[in-house]
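Below you'll find the structure, written out as structure tokens, and then a few comments.
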Amino acid sequence: MMQDFKKFILRGNVVDLAVGVVIGSAFGAVVSSLVKDLITPLVGAFTKGKNFSGLHATLNGSIFNYGDFINALISFLIIAVVIFFFVVQPVNKLGPIGKNVEVY
């Protein structure tokens, strides 16, 4: 049973996936920091000091931090653009994978 588990763990797909998850997580942290520490203050500089990361609404004592959601949305869009232009487009330009299957 341990031998089967060892074979499973050492298969290329599992190792590649693990590396991809770790790198993706690190990239996500870098992009989140970029948005929080650089882009949001830059937007604030052009909007007379308005920092939307701190925007919130209160309803019956509950606080809704929609400014944090805006930061997360910007981070997601940056990651999606990077993945599309630096992964999907180059793979599609390499030609067909398998039976004329495109990544996107």
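What to note about this one:
- A Cβ distance below 6 Å, combined with a sequence gap of six or more or placement on separate chains, defines the contacts here; from the stretch 25-38, residues that are surrounded by 13 or more Cβ atoms within 10 Å (Cβ to Cβ) reach residues that are assigned to a helix (DSSP H, G or I) in the pairs Val31/Ser75; Val31/Ile78; Val31/Ile79; Ser32/Ser75; Val35/Asn71; Val35/Ile74; Val35/Ser75; Lys36/Asn71.
- Any hit, the stretch 52-65, residues being free of Cβ contacts under 8 Å to residues at least 60 places away in the same chain, under 26 Å from Ile83 (Cα atoms) and either of a type in the set (A, V, I, L, M) or loosely packed, with under 13 Cβ neighbours inside 10 Å (or both): no
Laboratory data are not the source of any read-out in this text; all were calculated from the coordinates shown. All values derive from a computational prediction rather than experimental measurement. Please note: Cβ atoms are built from the backbone with ideal geometry, for glycine as well, and neighbour counts cover all protein chains shown.
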